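A quick write-up on the structure given underneath.
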Amino acid sequence: PSQQLEFESPRPTLRWADIGGYVRIKQELQQFIRLATSETPSRLGIRPPSGILLHGPPGCGKTTLALAMIGESACNVISIRGSELFSKYLGESEARLRRLFQAARAAAPCIVFMDEVDSIAARREWSSVESGSPALRVLSTLLNEMDGVHESRGVVAVGCTNQLDKIDDAILRPGRFDRLVEVPLPSADDRAGILQVLAQRAPLADDVCVTTLAEMTDAFSGADVERLFREAGLAAMRADPAAAVLAKRDFVSGIAAMQDGRL
Ligand code: ATP
């Protein structure tokens, strides 16, 4: 019980409805969690998937998607941030990782959510060549624990990374992260979906058209679209310190400001 307290993570409050666009990816994640937590595969003598790794460029909603999947599931969750394991817990990283998986098994059905997997599972040539280096010891602990997860069932691994090329291939073998899902930059349709979700929290003037904005924000990530609402808010306040709504011209100057900053 003390272990569970050490790792207790609040259940995410995010839901599928908070995610704009990415319809196919949402379906894939729904299907994954259904399969991974169902008894049916074992009954049929096939192995359920044990882990899923979301990868793609920064700010494209990997963490948000993973948290929505966890929030919508009936599982407990234990979260770990890759970089934290080496900074905050330096010197006890492996022991902590082992206790974490032990706590997850005790809390089954439980999702182990690993953000920044690349910093826990860096490819061997990226970490020190020294065989006893902390990074290598952590990697082999993680591989061992993930294999244990597969045997014990009831524990599902969910990971995110924006550096798939830095990850050790061994982590992608069956029984570990055996599903890979790419979360690319959003398409115009996806951006329209993201704009729609974010627009629910913002007072918009009648002249704002989500489809037009989606077309004007080529190459924006979800995080960029989120920032656009802040930029538009600032533009609205500059035009009228008592502004009550965001108008099309505010978004237009927000987009211009962001594109200037980038080029
Ligand atoms: P990183 O690799 O940098 O960790 P990430 O891909 O995990 O990035 P998130 O942290 O999930 O990206 O998203 C960044 C921000 O953008 C979040 O605050 C989120 O609210 C918003 N966002 C991104 N994509 C979407 C989306 N599809 N729908 C709604 N909000 C989104």
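Figures for the structure shown
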| read-out | value |
| --- | --- |
| Failed condition for Arg238, given (1) in a helix (DSSP H, G or I); (2) within 16 Å of the ligand (Cβ to nearest atom); (3) open to solvent by 70 Å² or more (accessible area, probe 1.4 Å); (4) charged (D, E, K, R) | (2) |
| Residue satisfying condition, being within 30 Å of Met146 (Cα to Cα) and either in a helix (DSSP H, G or I) or of a type outside the set (Gly, Ala, Ser) (or both), within set Val181, Val208, Val225 | Val181 |
| Asp250 vs. criteria open to solvent by less than 40 Å² (accessible area, probe 1.4 Å), under 19 Å from Ile19 (Cα atoms) and part of a helix (DSSP H, G or I) | no |
| Pick from region 222-235, criterion over 26 Å from the mean Cα position of the chain (by Cα) and among the hydrophobic types (A, V, I, L, M, F, W, C), ranking: most open to solvent (accessible area, probe 1.4 Å) | Leu234 |
| Filter result for the condition that a residue is modelled with pLDDT under 90 and either touching a helix residue (DSSP H, G or I) at 6+ places or on another chain (Cβ under 6 Å) or within 16 Å of the ligand (Cβ to nearest atom) (or both), over Ser87, Ser83, Ser79 | Ser83 |
| Contacts under 6 angstrom Cβ, first residue in region 103-120 being closer than 28 Å to Pro58 by Cα and touching a residue at least 40 places away in the same chain (Cβ under 8 Å), partner within 16 Å of the ligand (Cβ to nearest atom) and of a type in the set (D, E, K, R), 6 or more apart | Asp115/Arg81; Glu116/Arg81; Asp118/Lys166 |
| Filter result for the condition that a residue is surrounded by 15 or more Cβ atoms within 10 Å (Cβ to Cβ), β-branched (Val, Ile, Thr) and in contact with a strand residue (DSSP E or B) (Cβ under 6 Å, 6 or more places away or on another chain), over Ile33, Ile52 | Ile52 |
| Whichever residue in region 36-49 is open to solvent by less than 70 Å² (accessible area, probe 1.4 Å) and part of a helix (DSSP H, G or I) and, among such residues, is nearest to the ligand (Cβ to nearest atom) | Ala36 |
| Check on Arg11, assigned to a loop (DSSP other than H, G, I, E, B), closer than 29 Å to Arg201 by Cα and among the charged types (D, E, K, R) | yes |
| Among the residues listed as Ser73, Ser93, the single one being surrounded by 15 or more Cβ atoms within 10 Å (Cβ to Cβ), within 17 Å of the chain's Cα centre (by Cα) and without any contact (Cβ under 8 Å) to a residue 60 or more places away in the chain | Ser73 |
| Residue satisfying all of: in region 11-30; more than 13 Å from the ligand (Cβ to nearest atom) and farther than 13 Å from Ser73 by Cα; surrounded by the most Cβ atoms within 10 Å (Cβ to Cβ) among these | Glu28 |
| Residue among Ala66, Ala74, Ala17 that alone is more than 19 Å from Arg179 (Cα to Cα) and assigned to a helix (DSSP H, G or I) | Ala17 |
| Residue in region 99-113 that is at pLDDT 90 or above and within 12 Å of the ligand (Cβ to nearest atom) present | yes |
| Which listed residue, of Gln196, Gln163, Gln200, is without any contact (Cβ under 8 Å) to a residue 12 or more places away in the chain and within 13 Å of the ligand (Cβ to nearest atom) | Gln200 |
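The values are calculated or read from the model by the stated rules, or taken from the named source; none is laboratory data. As the structure is a prediction and not an experimental result, all values here were calculated from the model. Every residue, glycine as well, gets a Cβ built from its backbone with ideal geometry; the counts of neighbours run over all protein chains shown. Surface areas here come from the heavy atoms of the whole protein model, side chains and all, with no ligands, DNA or RNA. Shrake-Rupley method; radii C 1.70, N 1.55, O 1.52, S 1.80 Å.
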